[in-house]
C-alpha cells in the first residue's frame with residue numbers, strides 16, 4: 001500500500017497512515033499525558049492496535065480525517081492531525097494530536113495554521129470549529145492565538161469532562177463581494 005501525501009509544510013508531511021506508524025501511534029495513544037485531554041484514560045494496548053489497524057491504517061484518503069503527521073527531519077511520526085466533519089448540517093472541526101516528545105516546539109501551531117489554510121483557501125468554508133477540554137490551557141492558548149473565539153461548553157457526564165467549543169470565521173479577502 002502506497003501512502004497518499006496530502007500536503008507539506010516547512011517541517012511536516014501530512015500523509016495517510018502506514019504500517020510503520022503503528023508503534024509510534026500506539027505509544028502516543030497509550031500515554032496518559034497525551035490522552036488526558038482527549039477523551040479519557042490511555043487506551044489499553046489491544047485497543048490502540050485494533051484502532052490503528054481498523055480505523056487509521058491507509059487513512060485518510062481524502063481531505064477530511066486525521067492525517068499521519070511526519071516530522072521531515074528524521075522521517076518521524078509525531079501524531080495525527082487534520083479536519084473532521086461532524087453533524088448535520090456538517091460542521092468542520094480542527095483536530096491535532098501530538099506525541100508528548102514533540103510538545104512545546106510550535107508544531108501544534110504549525111499544524112493548526114496549515115489546516116486553517118486548507119479550510120478557508122482550498123475548501124472555502126465560512127467557518128471552522130475546534131473542541132478542547134476546558135483544562136487544556138495550552139490548546140486553548142493556541143486556538144485563541146489563531147483567532148478562534150469561545151462559543152459554548154458541554155459537560156460530558158460519563159467522564160466528568162467539560163468540552164469548550166471554539167469557532168473561527170473565514171475573514172473576507174480584499175476584493176471579495178460582501
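Here residue 69 meets the list (1) closer than 17 Å to residue 130 by Cα; (2) under 13 Å from the mean Cα position of the chain (by Cα); (3) free of Cβ contacts under 8 Å to residues at least 60 places away in the same chain almost entirely, failing just condition (1). Residues of segment 139-152 include none that is within 25 Å of residue 15 (Cβ to Cβ), under 13 Å from the mean Cα position of the chain (by Cα) and surrounded by fewer than 18 Cβ atoms within 10 Å (Cβ to Cβ). Going through 49, 12 one at a time, which residue ends up being at pLDDT 95 or above and within 14 Å of the chain's Cα centre (by Cα)? After ruling out the rest, the residue left standing is 12.
From the list 119, 95, 130, 99, pick out the single residue that is touching a residue at least 24 places away in the same chain (Cβ under 8 Å) and over 15 Å from residue 64 (Cβ atoms).
Numbers: 119 fails: over 15 Å from residue 64 (Cβ atoms); 95 fails: over 15 Å from residue 64 (Cβ atoms); 130 fails: over 15 Å from residue 64 (Cβ atoms).
Selected residue: 99, the only one of 119, 95, 130, 99 that is touching a residue at least 24 places away in the same chain (Cβ under 8 Å) and over 15 Å from residue 64 (Cβ atoms).
Which of the residues spanning segment 98-155 are assigned to a loop (DSSP other than H, G, I, E, B), in contact with a strand residue (DSSP E or B) (Cβ under 7 Å, 6 or more places away or on another chain) and within 26 Å of residue 32 (Cβ to Cβ)? Result: 99, 134. Elements of the type strands (runs of 3 or more DSSP E) sitting completely within segment 1-94 and holding at least 3 residues that are crowded, with 16+ Cβ neighbours inside 10 Å and in contact with a strand residue (DSSP E or B) (Cβ under 6 Å, 6 or more places away or on another chain): these cover 12-15, 65-71, 76-86.
The values are calculated or read from the model by the stated rules, or taken from the named source; none is laboratory data. Computed from a predicted structure; not experimentally measured. So basically every Cβ, Gly included, is an ideal-geometry build from the backbone, and we count neighbours across all protein chains shown.
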